[in-house]
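These notes concern the structure reproduced below.
The values are calculated or read from the model by the stated rules, or taken from the named source; none is laboratory data. It should be emphasised that the depicted structure is a prediction, and the values quoted were computed from it without experimental measurement. Methodologically, a virtual Cβ is constructed for each residue, glycine included, from the backbone with ideal geometry; neighbour enumeration extends over all protein chains shown. Remember, those area values only see protein heavy atoms, side chains included, never the ligands or the DNA or RNA. Shrake-Rupley method; radii C 1.70, N 1.55, O 1.52, S 1.80 Å.
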Amino acid sequence: LDHRALPAPELRGAPGSRKPATERETVLCALFAEVLGVPEVGVDDNFFELGGHSLLAVTLIERIRMALGIDVPISAVFATPTPGELADRPGNHLSDVVRRIILPIRTSGEAEPFFCVHPATGVAWGYSPLLRFMPTRHPLYGLQARGLDGSGAALPSSIREVAAEYVQQIRTIQPAGPYHLVGWSSGGVVAQEMAVQLQSAGEEVAALVLMDAFSPSERAKAIDAYASGGIAVDDAIPGSEVLPELTEEEYATVLRVTDNMEVISPSHEPEVFQGDLLFLTAEFGKPDGIDAASSWAPYTSGKIAEVPIPCRHAQMCRPDMLGHAWTAIAEWLDQSMDRSTR
């Protein structure tokens, strides 16, 4: 990629945003603007809608530590992504919001929401930069693993159990279809199972999007190929770039959830989803002989539309890659609508 040939990014704060009313809000607005490279940030401006992402969030919490002398966990930026919300946070503890199964990334909008399933780590924070690309008419929610609350409660014993719990959760937000589901890596397996369960309940699934998700039949082959090919761990673990910034408590809960996903995933046998699906393929860093998209053919009655994304597996939720992903999703949905109206 010739970066010098690219136009300068257009970064700006939201027009008419509320001005800071306290000293803390003033400092946080200034820090947001500094980190994001924009002239001004208002109290209610969303970090991710202005182009923020996990690596910039790390920079932001360092700036906050130096300026205000407080330690803010990186998860707090995902749970409270505006200067006003961060200023109102009680203490420095992990917000309850990021421990919940439903992570509200954007709750407003008149269209059907998108529900995005976590990868093996169990956290769905990485989908937050989608706000920059998705039309504001669509609400956006992440689905996170049971067990992130650190309570030590029993974890799910199967992918079907995970999916059933998430279906129950999303129906509290959207009682009836059409549903829009997205899943990255292990989350793709869960999203496919959710789609099957929703259809079994008589609901419409308007979109099933798998982001570089290996089907169970391809998973073992892929793991062996990655290991024998010497692929770096950061190329294979979604979200690994922010794991070092987690607190000891957060890391322990994420590790427990990840280990459980690794235990329950291999034995899952998918049923057939009745419809088309969109498969977003990470172009780079794959071992030879791995074809994740085609491996879903036995579990899908319709067509699989495959779109390459110019990244490695672990980079699928990088902000620029999410931009590519949303473009592909929007075009696929438009084409699906065209076919349905003919």
#### Entry: Measure of compaction for region 54-161 (Cα Rg per 2.2 N^0.38 Å)
1.15
### Candidate lysines for bridging to residue 19, where Cα separation is under 24 Å - those fewer than 8 sequence places away on the same chain excluded
none
#### Entry: Projected label distance in nm at residue 164 and residue 65, using a 7 Å step from Cα toward the beta-carbon
4.3
### Task
Measure out, as a whole number of angstrom, how far apart the alpha-carbon centroids of region 293-342 and region 252-267 sit.
26
### Task
Please label the shape of region 110-171 as rounded, prolate or oblate, based on the square roots a ≥ b ≥ c of the eigenvalues of the alpha-carbon gyration tensor (a/c under 1.5 means rounded; beyond that, a/b larger than b/c means prolate, else oblate).
prolate
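What is the calculated FRET efficiency for residue 173 to residue 288, with r their C-beta to C-beta distance and R₀ = 35 Å, to the nearest 0.05?
Using R0 = 35 Å, I get an efficiency of 0.25.
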### Message
Out of the total accessible area of region 245-290 (probe 1.4 Å, heavy atoms of protein only), what percent is carbon and sulfur?
### Response
50
### Message
I need the calculated FRET efficiency for the pair residue 44 and residue 255, taking r as the beta carbon distance and R₀ as 35 Å, to the nearest 0.05.
### Response
0.50
### Message
So for each of 299-307, 31-39 I average, over its residues, the number of other beta carbons within 10 Å; can you give me the resulting order with the highest mean first?
### Response
31-39, 299-307
### Query
By how many nm would the segment from residue 108 to residue 137 grow when fully extended, if each residue of separation counts as 0.36 nm and the alpha-carbon distance is taken off?
9.7 nm
### Message
For residue 63, what accessible surface area do you get with a 1.4 Å probe? Give it in Å², rounded to 10.
### Response
80
### Message
Cross-link candidates for residue 221: which lysines have Cα within less than 29 Å, leaving aside residues fewer than 8 places away along the same chain?
### Response
286, 303
### Query
Ordered by packing density, taken as the mean number of other Cβ atoms within 10 Å over each peptide's residues, highest first, how do 181-192, 45-56 rank?
181-192, 45-56
### residue 40 long-range amide H proximity, modeled H, under 5 Å
13
